[in-house]
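Q: Quick one: the structure is below, and I'll ask about it shortly.
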Amino acid sequence: MSEIESRLIENRVFFPNADFAKNAKLSDMSEYMAMCQLSNEGYEQFWAELAREFLIWHSPFTSILNDQNPPFYRWFEDGMLNASYNCIDRHVRSGNGDKVALVFESDDGKIEKVSYKTLLVKVCKFANALIRKGYKKGDRAIIYMPMSIEGVVSMQACARLGITHSVVFGGFSAKSLEERIIDVGAKLIITADVQVRGGKNIPLKKAVDEALTGEASKIVKDVIVYRRTGIEIEMSPRDVFLDEIIESEEDYCEPVYVESEHPLFVLYTSGSTGRPKGIQHSTGGYLLHSALTMFYTFDIKPDDIFWCTADIGWITGHTYVAYGPLATGNTQIIFEGVPTFPDAGRFWQMIEKHGVSIFYTAPTAIRALIKASSLNQRVAPENYNLKSLRLLGTVGEPINPEAWVWYYKNVGGSRCPIVDTFWQTETGGHVITPMPGATPLIPGSCTLPFPGIDAAVVDETGQELPNGKGGMLVIRKPWPSMIRTIWGDAERFKKTYFPKELGGKFYLAGDGSIRDEKNGYFTIMGRIDDVLNISGHRLGTMEIESALVAYEDVAEAAVVGKPDEVTGESIVAFVVLKSKRPENVKEISEKAKVLQNWVAKEIGPIAKPKEIRFGDNLPKTRSGKIMRRLLRALAKGEKIQQDVSTLENPAILEQLSGT
Ligand code: WTA
């Protein structure tokens with residue numbers, strides 16, 4: 001663990017702003033502690049009360065936690081509810097039907113607002129069309145959509161019928177899409193003609209067609225296509241246009257009530273093997289934590305204008321776009337485009353235009369915008385009126401203290417608390433995060449666990465480590481929004497997340513962490529497995545390596561991460577070709593381009609290695625193990641300090657040094 005013990009000591013403390021605290025749900029640390037205390041005294045009762053307070057149950061639960069078969073925990077299992085009812089109908093029924101639910105801004109700046117009442121109609125019409133096509137509870141649908149009202153409506157319509165959705169990020173390739181269709185067994189695909197980002201049309205339907213040329217075509221029965229631009233696309237007898245199938249459907253559709261444990265969705269994420277894992281979430285427990293964290297972490301109030309910039313293809317876009325803000329009945333912004341189009345002032349301009357009060361984004365976006373505004377003063381946040389903001393948040397990767405302070409001062413006007421929220425696809429919602437009216441903030445630290453989350457730092461045997469010692473982050477007790485299993489692979493679920501070495505009962509997050517000696521605050525030090533974090537997106541090194549070796553001329557490949565100023569980490573691939581190693585600059589760059597495009601096609605553009613180095617072989621121990629530590633050092637351009645005499649082929653280091 002020596003690698004993860006070195007870190008910057010950060011001494012600046014930012015206390016909650018008094019005005020903010022006055023009206024906050026938790027307005028000082030004693031209130032936070034009291035809530036933690038409550039969860040300690042009666043753990044199950046604590047969650048049960050929140051589940052009754054935050055969700056509407058069609059039939060109430062009597063069993064809180066079933067832990068008979070760990071780690072397959074079941075929460076509120078005899079309760080019945082519907083996620084879409086909890087996100088939409090309840091607000092219409094309580095008289096808030098005219099409140100704006102979604103404010104959509106397109107890439108080219110057009111705005112469309114949807115009230116809760118209209119959202120209900122849209123979701124119901126869609127659901128009725130799905131019923132007409134024969135879909136029902138237990139079926140699976142793949143959603144491959146742009147950021148759009150229709151994207152959210154698709155998810156909600158599936159939820160309304162108990163159809164388990166699996167959203168695939170629009171940036172993933174046809175090949176990735178195909179793998180997910182097969183793994184989840186989706187009979188239905190919901191997609192769009194294209195997605196529009198940064199002024200460009202990126203085809204989606206075409207990728208679906210490509211994904212449906214092999215095995216997946218035997219599984220899929222229907223492809224529903226939302227016409228985003230209406231450009232001409234090829235349609236087969238299996239394909240229908242969304243507008244056409246909903247046209248004559250009724251405005252109302254009875255929700256299908258499901259058991260609390262019914263899988264609301266499966267979302268694929270990278271792990272340490274070549275195959276992505278389908279993370280399965282429940283309905284009740286997941287929805288509870290979405291609403292709960294909206295309420296406490298974001299301190300959401302009825303008049304807030306909430307904006308989470310994440311795409312619905314990621315977990316953040318599930319919990320804090322498609323479900324959370326609707327569950328709490330709020331107004332939110334949905335943005336189709338990218339932060340740098342038409343220029344890097346887009347976020348600030350949109351905050352000003354829509355009066356955004358809570359803004360939640362990724363450190364990589366902040367770093368990119370810091371860079372952009374240092375190059376061009378005109379796009380700096382100072383040029384915009386950002387007075388509507390009252391709370392800021394970050395997610396997805398560690399935020400470096402300098403970026404934190406810039407965000408705090410230049411965007412938040414030194415008045416808005418920042419919630420640095422640590423969580424994962426598997427945790428469903430925030431698990432370590434400040435409470436904005438209570439927690440003193442230290443840049444770079446996600447501070448303390450959400451009340452009820454028993455997070456700890458342990459060694460390889462599961463022993464808790466004292467503050468100041470780096471180790472593995474675990475959560476020791478089951479919590480309602482936790483991952484239920486890996487779709488179709490319960491064994492892998494058990495092995496990956498509840499390893500025997502830790503007693504089989506601790507959830508292993510896969511991140512290194514250290515707690516501050518003085519106050520116990522958590523700092524996340526990055527993944528301890530072979531997962532990279534590129535712009536806040538998870539990618540497995542194995543996944544990229546498998547893609548590379550699938551190329552006919554590649555004999556061997558090893559992928560490592562290298563620190564990157566903007567994207568956090570960038571991908572460096574070391575490749576051994578079957579043919580002759582390219583030697584001159586032109587040959588190298590041509591071959592690298594071919595492989596970069598190959599990976600983009602295999603996985604998606606986000607997985608493209610930034611740099612590819614070619615060698616005659618890779619540094620290996622005599623037993624044949626690739627020395628990744630050495631490759632990481634080479635990628636960073638560091639001098640190799642370590643004794644390399646045990647290497648099979650020490651001379652290779654020179655060749656791979658990239659100089
Ligand atoms: C990282 C995103 C530091 C971490 C919600 C985790 C963070 C992985 C933070 C999960 C944070 C997320 N500080 N690191 N505030 N939030 N991470 O599944 O490595 O896409 O394991 O979920 O992102 O990524 P995922």
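Q: Return the FRET efficiency for the residue pair residue 341, residue 552: r is the Cβ-Cβ distance, R0 is 30 Å, and the value is rounded to the nearest 0.05.
A: Here the calculated transfer efficiency is 0.20.
Q: Now for a different question. Please give the charge dipole size of the stretch 574-616, origin at the Cα centre, charges +1 on K and R Cβ atoms and -1 on D and E Cβ atoms. Round to the nearest 20 debye.
A: Its charge dipole is roughly 60 debye.
Q: Students often get this wrong: which residues of the stretch 404-448 have the backbone nitrogen under 13 Å from the point 7 angstrom along Cα-to-C-beta of residue 28?
A: Within reach of a label on residue 28: 438-440.
Q: Taking the dipole about the Cα centre of the chain, with the C-beta of Lys and Arg at +1 and of Asp and Glu at -1, give me whichever of 86, 356, 294 is farthest to the positive side.
A: Value: 356.
Q: Here's a follow-up. How do 439-446, 30-37, 413-420, 339-346 rank on mean C-beta neighbours within 10 Å, highest first?
A: So the order, starting with the most tightly packed, is 439-446, 413-420, 339-346, 30-37.
Q: Of all beta bridges DSSP finds with both residues in the stretch 77-191, what is the antiparallel percent, to the nearest 5?
A: Looking only at bridges with both residues in the stretch 77-191, the antiparallel portion is about 40 percent.
Q: Dipole magnitude of the stretch 157-309 about its Cα centre, charges +1 at Lys/Arg Cβ and -1 at Asp/Glu Cβ only, in debye to the nearest 20?
A: 740 debye
Q: Let me know the whole percent of all Cα-Cα pairs from the stretch 86-216 that are separated by more than 25 Å. Working shown, then result.
A: Details: 2649 of 8515 pairs.
Summing the P(r) of the stretch 86-216 above 25 Å gives 31 percent of all pairs.
Q: Which whole-number percent is the relative contact order of the stretch 329-464 (Cα, under 8 Å, 6+ apart)?
A: 18 percent
Q: Right, here's the next one. So what are the stretch 529-651's ellipsoid semi-axes, whole angstrom, largest first, if each one is the square root of 5 times an eigenvalue of the alpha-carbon gyration tensor?
A: After diagonalising the Cα gyration tensor, the semi-axes are 22, 19, 14 Å.
Q: Now for a different question. Where both residues lie in the stretch 373-513, what percent of DSSP beta bridges are antiparallel, nearest 5?
A: So the antiparallel bridges amount to about 75 percent of the total.
Q: In the chain, what percent of the accessible surface is made up of carbon and sulfur (1.4 Å probe, ligands and nucleic acids excluded)? Working shown, then result.
A: Numbers: 13120 of 25690 Å².
Reported share for carbon and sulfur atoms: 51 percent.
Q: Restricting to DSSP H runs of at least four residues, report the calculated mean residue ellipticity at 222 nm for the chain, -39500 (n - 2.57) per run over all residues, nearest 500 deg cm²/dmol.
A: Value at 222 nm, helices only, nearest 500: -8000 deg cm²/dmol.
Q: Kindly state, as a whole number, the per residue volume in cubic angstrom of the convex hull around the alpha carbon atoms of the chain.
A: So the per-residue hull volume is 160 Å³.
Q: Another one. Putting +1 on Lys and Arg Cβ atoms and -1 on Asp and Glu Cβ atoms, find which of 272, 241, 223 reaches farthest to the positive end of the dipole of the stretch 212-274.
A: 272
Q: First obtain the Kirkwood hydrodynamic radius of the stretch 53-139 from its Cα pairs, then insert it into the Stokes-Einstein equation at 10 °C and 1.306 mPa s, and state the resulting D in µm² per second as a whole number. Walk me through the numbers on the way to the answer.
A: Working: Rh = 15.8 Å.
Answer from the Stokes-Einstein relation: 100 µm²/s.
Q: How big is D for the stretch 1-148, in µm² s⁻¹ as a whole number, if Stokes-Einstein is applied with the Kirkwood radius of its Cα pairs at 25 °C and 0.890 mPa s? Provide the component values of the computation, followed by the final result.
A: Values: Rh = 20.7 Å.
For these conditions, the coefficient is 119 µm²/s.
Q: Grab the beta carbon distance between residue 66 and residue 96, set R0 = 25 Å, and tell me the FRET efficiency rounded to 0.05.
A: E(calc), rounded to 0.05, equals 0.10.
Q: Can you order the peptides 154-162, 16-24 by their average number of other Cβ atoms within 10 Å per residue, highest first?
A: 154-162, 16-24
Q: What is the ratio of the Cα radius of gyration of the stretch 436-567 to 2.2 N^0.38 Å, where N is its residue count, to two decimals?
A: After normalising by residue count via 2.2 N^0.38 Å, the value is 1.24.
Q: What is the set of long-range amide H partners of residue 65 at a cut-off below 5 Å, with H atoms built 1.01 Å from backbone N?
A: 76
Q: Oh, and also: Using C-alpha positions alone, give me the convex hull volume of the stretch 601-659 per residue in cubic angstrom.
A: Value for the stretch 601-659: 105 Å³ per residue.
Q: With +1 assigned to the C-beta of every Lys and Arg and -1 to the C-beta of every Asp and Glu, and no other charges, what is the dipole magnitude of the chain about the Cα centre in debye, to the nearest 20?
A: 520 debye
Q: Relative contact order (percent) for the chain, with alpha-carbon contacts under 8 angstrom and 6 or more residues of separation?
A: 14 percent
Q: Another question about this same structure. When the gyration tensor of the stretch 250-317 is built from Cα positions, what are the square roots of 5 times its three eigenvalues, in whole Å, from largest to smallest?
A: That gives 25, 20, 13 Å for the three semi-axes.
Q: Let me ask something additional. Within 10 Å of each candidate Cβ there may be at most 14 other Cβ atoms; applying that plus a DSSP loop requirement, which GluC sites (Glu not before Pro) in the stretch 507-601 survive?
A: Here the sparse-neighbourhood loop sites are 517, 552, 565, 583.
Q: Over the Cα atoms of the stretch 291-352, how large are the radius of gyration and the largest Cα-Cα distance (Dmax), in Å?
A: Every Cα atom of the stretch 291-352 included, Rg and Dmax give 12.2, 36 Å.
Q: Over the stretch 306-399, what number does the Rg to Rh ratio reach, with both radii from the alpha-carbon atoms and Rh per Kirkwood?
A: My calculation puts Rg/Rh at 0.96.
Q: Tell me, what is the percent relative contact order of the stretch 91-217, built from C-alpha pairs under 8 Å that lie six or more residues apart?
A: Computed over the stretch 91-217, the figure is 22 percent.
Q: For the stretch 519-592, what D do you get in µm² per second when you plug the Kirkwood radius from alpha-carbon pairs into Stokes-Einstein at 10 °C and 1.306 mPa s?
A: The Stokes-Einstein estimate is 112 µm²/s.
Q: Still on this structure: Could you tell me what a quarter of the Cα convex hull surface of the stretch 92-141 works out to, in nm² with one decimal place? Display every interim value, and only then the final one.
A: On the way: hull surface 20.3 nm².
Orientation-averaged projected area of the Cα hull: 5.1 nm².
Q: Going by average Cβ density within 10 Å per residue, which order do the peptides 132-145, 229-242 take, highest to lowest?
A: Descending packing order for the listed peptides: 132-145, 229-242.
Q: A follow-up question, please. Counting only DSSP beta bridges with both residues in the chain, tell me the antiparallel percent, nearest 5.
A: Antiparallel bridges make up about 60 percent of those DSSP assigns within the chain.
Q: Right, next: Residue 625: which lysines have alpha carbons under 20 Å from its alpha carbon, excluding same-chain residues fewer than 8 sequence positions away?
A: 578
Q: Taking a quarter of the surface of the Cα convex hull of the stretch 194-336, what do you get in nm²?
A: Dividing the Cα hull surface by four gives the mean projection, 12.2 nm².
Q: Counting Lys and Arg as +1 and Asp and Glu as -1, what is the net charge of the other residues whose Cβ lies under 10 Å from the Cβ of residue 261?
A: Numbers: positive: 74, 484; negative: 77, 78, 259.
With Lys, Arg at +1 and Asp, Glu at -1, the neighbours total -1.
Q: How much length is gained on full extension from residue 132 to residue 501, taking 0.36 nm per residue of separation minus their Cα-Cα distance?
A: Residue separation times 0.36 nm, minus the Cα-Cα distance, leaves 127.8 nm.
Q: Quick check: convex hull over the Cα atoms of the stretch 459-533, volume per residue in Å³, rounded to an integer?
A: 109 Å³
The values are calculated or read from the model by the stated rules, or taken from the named source; none is laboratory data. Fair warning: this is a prediction, and the values are worked out from it, not measured in the lab. Heads up, the Cβs are rebuilt from the backbone with ideal geometry, glycines too, and the neighbour counts pull from every protein chain shown. Areas reflect the complete protein model, heavy atoms only, side chains present, ligands, DNA and RNA absent. Shrake-Rupley method; radii C 1.70, N 1.55, O 1.52, S 1.80 Å.
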